[in-house]
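See below for the structure under consideration.
The values are calculated or read from the model by the stated rules, or taken from the named source; none is laboratory data. All figures in this text were calculated on a predicted structure; none of them were measured in a lab. Cβ atoms come from the backbone with ideal geometry, glycine included; neighbour counts cover every protein chain shown. Accessible surface areas use protein heavy atoms only, side chains included; no ligands, DNA or RNA. Shrake-Rupley method; radii C 1.70, N 1.55, O 1.52, S 1.80 Å.
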Amino acid sequence: MNSHEALLESMRRAVATEPNDPALRLHLAELLISAGGAQEAVPHLAAVLQIEPDNSRAGRLMSQALAPEAPKVDVPPEPDTEFDWSAAARDLGDTIPPKFVSSETETDESDEEPEPIGAVPGASNAVETFEVETAEVTLADVGGLSGVKERLNAAFLAPMRNPKLRKLFGKSLRGGLLLYGPPGCGKTFIAQAVAGELGARFISVTMSDILDMWLGNSEKNVRELFRTARANAPCVLFFDELDAIGQKRSQLRHSGMRGTVNQLLTELDGVAAGNDGVFALAATNHPWDVDSALLRPGRFDRAVAVLPPDTPGREAIFEYHLRDRPVAGIKLGQLAKQTEGFSGADIAHVCETASERALLASVSSGEVRMIEMADLLAARAEVTPSTGAWFTSARNVAMYANPDGMYNDVVAYLKQRRLW
């Protein structure tokens, strides 16, 4: 260890002993920046600014630490000698074809790729290939939504983790789970978390992955999708925007999508091949537009409403989106109380807007300043919850088309917020 590293180590120990001493932290930050450790210096400077917000020296050092480094450009070495292209062309003239031909030369038909056997001339005959991912998140990474987690555990996760108890109680694994609710509340993230809980592969599918302009190819894509999922079992097969893929067939009498919905029903039933180890999940913002046959037993027969996060959930989401940003004096509880009805995406937008305000203020003053409570409150006033339109539609459906109680969670939420 050289003398400079020894000095840094001594300063780190001194700061650990006296963490509230701004002078020690400033001296350590200067040493770190000079040694190329700007990232390590940032939290020390942030701590100084929390103690002394008007410390101009700390502000200048923070600007220096956060300044982007100039990219390094690798300049290739110049060749020692110039390559003789003319000599190479003469030597290889009998081996490689000429670079240019006259426009009168006819094109060799043998260069064209042959059509595959059984192909329809001029039509796309390729079957969609689907990307298989490994989920790296679990339900512990999902902020709030304790009720949704309990429903998922009771209806989906617990029976899969305990095969002996499942056999004892005769619990079947047939069927899938439908997540529904307003946009931006984390339905896709929850599906990934379920795959992570099971240690399973994850395939996410949208309408564009399945739909094909040529007749019959969409059905082939659905069949290939389930074949890929079975080959990678255990696998969570996630249909995003199920109302687009599985629309009501009564609205598709003269559309090619009708056959696609029929093929999806066939594959979910597992008639041609078993679906052991394939766990079907789906998400939709408009469950009332999904074909009723997809919601029958053995298919997506369980539904869980993923509604805007509760107060603890909103606190967790605010903390998640602010944890890697320079903040000072943030009252998470106050923010959570003032954002009732906000989706997770709305809260992320509030944090992004507050960050922009602090950034612009730093640019104007020439000194970096922290994101403060005033920035978040101002951003909260600018952002309108995006869930209002969805609840207007859901209220009408729950009031007049809820004979099986599918939307009881929505009714309970609306009553809680006195919107029923």
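With respect to the conditions (1) in contact (Cβ under 8 Å) with a residue 12 or more places away in the chain; (2) over 22 Å from Arg323 (Cα atoms), Ala46 falls short on a single one, namely (2). Only residues that are touching an Asp or Glu at 6+ places or on another chain (Cβ under 7 Å) and among the aliphatic types (A, V, I, L, M) were counted in the stretch 308-351, giving 3.
When restricted to residues that are under 19 Å from the mean Cα position of the chain (by Cα), surrounded by fewer than 20 Cβ atoms within 10 Å (Cβ to Cβ) and of a type outside the set (Ser, Thr, Tyr), the stretch 204-219 contains 2. State which residue is most open to solvent (accessible area, probe 1.4 Å) when the search covers only the stretch 320-330 and only residues that are in a helix (DSSP H, G or I) and touching a residue at least 40 places away in the same chain (Cβ under 8 Å). Ranking the candidates gives Tyr320 first. Take the conditions (1) within 28 Å of the chain's Cα centre (by Cα); (2) closer than 30 Å to Ala140 by Cα; Val411 misses just one of them, which is (1).
Summed over the stretch 31-56, residues that are assigned to a loop (DSSP other than H, G, I, E, B) and either in contact with a helix residue (DSSP H, G or I) (Cβ under 6 Å, 6 or more places away or on another chain) or closer than 16 Å to Gly329 by Cβ (or both) total 4. Scanning the stretch 331-372 for residues that are farther than 12 Å from Phe318 by Cα, part of a helix (DSSP H, G or I) and not basic (Lys, Arg) yields a count of 11.
Of all residue pairs spaced 6 or more apart or on separate chains, those with beta-carbon atoms under 8 Å, a first member in the stretch 119-141 that is open to solvent by less than 70 Å² (accessible area, probe 1.4 Å) and a second member that is of a type outside the set (Gly, Ala, Ser) and modelled with pLDDT under 50 are Asn125/Pro116. Taking the stretch 132-184 as the region of interest, the helices (runs of 4 or more DSSP H) fully inside it that hold 1 or more residues being of a type in the set (Asp, Glu) are 146-152.
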